[in-house]
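Q: Below is the structure I would like to discuss, written out as structure tokens.
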Amino acid sequence: MQSTLHRLLYDTGTLVDGWRAAAHAGWGWPSFAVDALFQLGWAVAAALFLALNALFIIWFERKVAARMQLRRGPNRVGPFGLLQTLADTGKLLIKEDIIPSAADRAVFRAAPFVVLAATFLLFVVLPFGRGLVAADLNVGVVYFLAVGGISVVGILAGGWASNNKYSLMGGMRSAAQIVSYEVPAVLAVLSVALLAGSLRMGDIVRAQPSYGYILLQPVGFLLFLVASNAEINRGPFDLPESDSELVSGFVTEYSAMRFAFFFLAEYTNLFLAAAFATTLFLGGWRGPLLPPVAWFLIKSYLVVFVLIWIRWTYPRLRVDHLMELSWKVLLPLALLNLLVTAVLVKVL
Amino acid sequence: MQVRPVDPAAQVSIEPSALRDALTFLRDEGFDFLVFVTALDRPAEGVIELVYRLFSYAARVPVVVRVRVPRDGGRVPSVCDLYRTAEWHERETAELFGVEFSGHPDPRRLLLPDDLEGYPLRKDFTHPNLKPLPEVSAE
Amino acid sequence: MSEAPAPDLSTSDEFLLNVGPQHPATHGVLRVVVTMDGEVVKDLQPHIGYVHRGLEKLFENRLYEQIIPYTDRTDYLSAIANNWAYVSAVERLLGLEIPKKVEYIRVLMAELNRINSHLLWLAAYGLDMGAFTPFLYAFRDREEITVMVEEASGGRLTTNYFRIGGFTRDLPASFFPHLQKFLRRFGRAVDELDTLLVENAIFVARTRGVGVISRERAISYGMTGPCLRASDAPLDVRREMPYSIYPSLDFEIPAGRNGDTWDRSWVRIEEMRQSLRILRQAAEGFPEGEHRVRVPRNLEPPAGEVYSAVEGPRGEVGFWVVSEGGRKPYRVKMRKPSFSNFSALPEILRGLKIADLVAVMGSLDLVVPEIDR
């Protein structure tokens, strides 16, 4: 029996299952209580990861963007500027929370939490390592796509409740954009599910060859990357928040901690989109030598790097071009990809 | 007082009533570019001299058309329909010199605030905030 | 500034959108009131005069030499061109013969200034469109030029370099090595910026076919410079009313085909390349000689009037100077390209979407102090 540490790193699933079985048998608690406790443990771990990830990824983006722009990026607060995000968060926390007088207070307050909740819920099915997943649902992929869509409600709510025509326009544009790009994203994911023969995230990771599905689904990968980029309102698709055109879109009236929540959600979504792409196309946590969780993070941050690269290179797409791209280019390509995949799966 | 032009442009002085015909003729002859419209205040003679500088891209030749109007109630026809650029040049000249361009589609003030009284570029313009510069000595 | 007529609010979708005077995309303090019908621009009312400083009146109370620093500040991005237009007007009034070396220095500075201005235009335009990186690349290149200009004139932006009759000091010894280094490197930098922004597919999609103005209308609106040349009109003051040593230099006047926003951008990139050509020729043929002509300390041009124009980065910059004898001018009229270029905006933008406002205004390359004077 290898050491617990080794199993924790390399085979978390069976280790945790063992603990749970022991708890069920030995503690004398009702089984739902044991399960609830373990799920709470996963939730706490996910929340911790969310916070640390946000801290890291914002720093990462600022440094990478800076170097691409011949600058250095934050380098004063902490070694290599690593504590910059902490400082910024602290600043946001102590700011005055302004709610416009004519805003719908309840909805205004709720909107950031809806968005953050939708984002947080996505951690449930994400396989960080061998068995290192809160609940490997047999419809994991569908869950991921569906719950991700809940954030649209939060965005629309935020835009509408602000009682400001710019916010409303921004919110509606965001919503339209997210909904339109869902379709090619879903179709790209479907092609992968066809190849793997399952909708469970864990199965998809295990079904992939060692080099991942990216070589078998290059078009799918590109489609998914572009569509995800649009769904998280980033990069060339950030018209809803473009400050040179509509002030800040749906986020205009938000300040202090509420703004921080939207901000946090955006960066967490960035990571989740990359993580999802990693799971589906890059082989997830698989890789030699290093612990699975390390591979997962390395691959995810590689995709994050690419998304950052894209954002800082390209100008913004105009709203109608954005829609055209989704419906007239990505959708037909995605359908074609799905068709070809289906035929090849049947034939080969 | 005659000004001796150092400029190669031909100088043409006309009556206000002939302005539109003159400019129409010049435009049809190829003077498609109205470089600027401005004015010179000549208080000693009691006139404001409007200056229109035109240029022909085809012939590479400039021409300057000058119109004199009385300082009080001076009026000339607008040429906005002949040269679209005249719209703004005429508005500016009107507010700075107090000349009226009749027929102008939009004679609002362009550069000056609405509450400023007087015509700033006239030689006799005064304003409580206007302080003269100290005199410059010869050396 | 009085208000424009109010929109007809009884027809549902019309509303007024106020852009400015403080707005990141207006490149200066100006205000545009847009009457919109949904997403479409029905009418546009520009409001200017926020930066009106009464310079033309001011000049009537300044000595001829004292006016030169003011000319920098009308269009601070093309200070050299403004200096040149004014100084050459006074020199013609005085009937001065300008030495060859002075002309060569003037051409060198003017073309460097043109490149500088176009780089800044590109940087700000990219920023408006959401491309953040070209800004920093362009500024890196600008820094090289700014250092050269500062070596020569002492000023980075508002140079106040030209004098009536030439220059106070000759070019420093360090200028030419810097220039040679710059000439070797910059060709590739233009290509890089071109690929990064102007040839980028998203940029092209946003600008091609957008904001078209025909050649006839452009000339009627008094447009000059790249805005005019984009409309299939290769007209440039350096060829139409030649001055200085430009007749002896070999360069092309780039002209666009369609008169749309993309063409206006493309013309500026090409102009940077042509400026490089001119710089190379001027550096190679740089003569020996005097860097100025002696003029009397008390400058009193004889009575007369003259209009002198140069091709600035934005178009035709002209000074109409009227002298009645004496040490101060009787009248100075500044003919500025942005003034006329901006007046065409309502026509260009009518019927387009509001999202195009930023793209089109950026392509006009306006500098507001020049509009208002």
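Readers should treat all values here as calculations from the given coordinates under stated rules, not as data from a laboratory. No experiment lies behind these values; they were computed from the predicted model shown. So basically every Cβ, Gly included, is an ideal-geometry build from the backbone, and we count neighbours across all protein chains shown.
Q: Shape verdict for chain C, please, from the Cα gyration tensor: rounded (a/c under 1.5), prolate (a/b greater than b/c) or oblate.
A: oblate
Q: Within the protein assembly as shown, what percent of beta bridges assigned by DSSP are antiparallel, to the nearest 5? Present the calculation step by step, with values, prior to reporting the outcome.
A: Values: 49 of 58 bridges.
Antiparallel bridges make up about 85 percent of those DSSP assigns within the protein assembly as shown.
Q: Just want the ordering: C:Asp141, C:Asp194, C:Asp75, A:Asp320, from fewest to most Cβ atoms lying within 10 Å of their own Cβ. All intermediate terms of the calculation are to be shown ahead of the outcome.
A: Numbers: C:Asp141 22, C:Asp194 19, C:Asp75 26, A:Asp320 12.
Arranged by neighbour count, lowest to highest, C:Asp141, C:Asp194, C:Asp75, A:Asp320 become A:Asp320, C:Asp194, C:Asp141, C:Asp75.
Q: Considering only region B:10-102, what is the antiparallel percent among its DSSP beta bridges, to the nearest 5?
A: 70
Q: Looking only at other chains, what is the average number of their beta-carbon atoms within 10 angstrom of each beta-carbon in C:130-138?
A: Working: counts 15, 7, 8, 9, 3, 1, 6, 3, 0.
Partner-chain Cβ atoms within 10 Å, mean over residues of C:130-138: 6.
Q: Could I ask something else about it? Calculate how steeply helix C:261-284 sits against the longest principal axis of the alpha-carbon atoms of chain C, using the helix alpha-carbon long axis, and give the answer as 0 to 90 degrees to the nearest 10.
A: The two axes meet at around 10 degrees.
Q: Ordered by packing density, taken as the mean number of other Cβ atoms within 10 Å over each peptide's residues, highest first, how do A:64-71, C:323-330 rank?
A: Answer by packing, highest mean first, reads C:323-330, A:64-71.
Q: Pick out the long, greasy-scoring helices in chain A: whole DSSP H runs spanning 18 Å or more along their own axis by Cα, mean Kyte-Doolittle at least 0.5.
A: A:31-68, A:105-121, A:165-196, A:218-231, A:256-281, A:292-313, A:331-347
Q: What's the average, rounded to a whole number, of partner chain beta-carbon atoms within 10 Å of each residue's beta-carbon in C:365-372?
A: Neighbouring Cβ atoms belonging to other protein chains average 1 per residue here.
Q: Using alpha carbons only, how many degrees (0 to 90, rounded to 10) separate the axis of helix B:19-28 from the longest principal axis of chain B?
A: 50
Q: Can you bin every Cα-Cα distance in the protein assembly as shown into 10 Å intervals starting at zero and give me the percent of pairs per bin, rounded to whole numbers?
A: Going from the shortest bin to the longest, the percentages are 2, 11, 18, 20, 16, 12, 9, 6, 3, 1, 0, 0.
Q: Next question, about the same structure. Output the peptides A:168-178, C:260-270, C:293-303 sorted from most to least packed, where packing is the average of other Cβ atoms within 10 Å over each peptide's residues.
A: C:260-270, A:168-178, C:293-303
Q: Rounded to two decimals, what is Rg over Rh for region A:99-347 when you use alpha-carbon atoms and the Kirkwood radius? List each step's numbers first, then the result.
A: On the way: Rg = 18.3 Å, Rh = 18.5 Å.
Rg divided by Rh gives 0.99.
Q: Let me ask you something else. Efficiency by 1/(1 + (r/R0)^6): what FRET value for C:Glu288 and C:Glu199, r their Cβ-Cβ distance, R0 = 51 Å, to the nearest 0.05?
A: For R0 = 51 Å, the calculated efficiency reads 0.75.
Q: Angle check, please: helix B:86-97 long axis (alpha carbons) against the longest principal axis of chain B (alpha carbons), in degrees 0 to 90, nearest 10.
A: Between the helix axis and the principal axis of chain B, the angle is about 30 degrees.
Q: Based solely on its DSSP helices, what 222 nm [θ] is calculated for chain B when runs of n ≥ 4 H residues each add -39,500 (n - 2.57) and the sum is averaged over all residues, nearest 500 deg cm²/dmol?
A: Numbers: 2 runs with 22 residues, N = 139.
Helix-only estimate at 222 nm: -5000 deg cm²/dmol.
Q: For chain C, what does -39500 (n - 2.57) per DSSP helix run (n ≥ 4), summed and divided by total residues, give at 222 nm, in deg cm²/dmol to the nearest 500?
A: Calculated mean residue ellipticity at 222 nm is -14000 deg cm²/dmol.
Q: Which whole number gives the average count of other chain Cβ atoms within 10 Å of the Cβ atoms across peptide C:49-58?
A: Neighbouring Cβ atoms belonging to other protein chains average 4 per residue here.
Q: Please report the projected area of chain B's Cα convex hull averaged over all directions, in nm².
A: Numbers: hull surface 42.9 nm².
For chain B, averaging the hull's shadow over all directions gives 10.7 nm².
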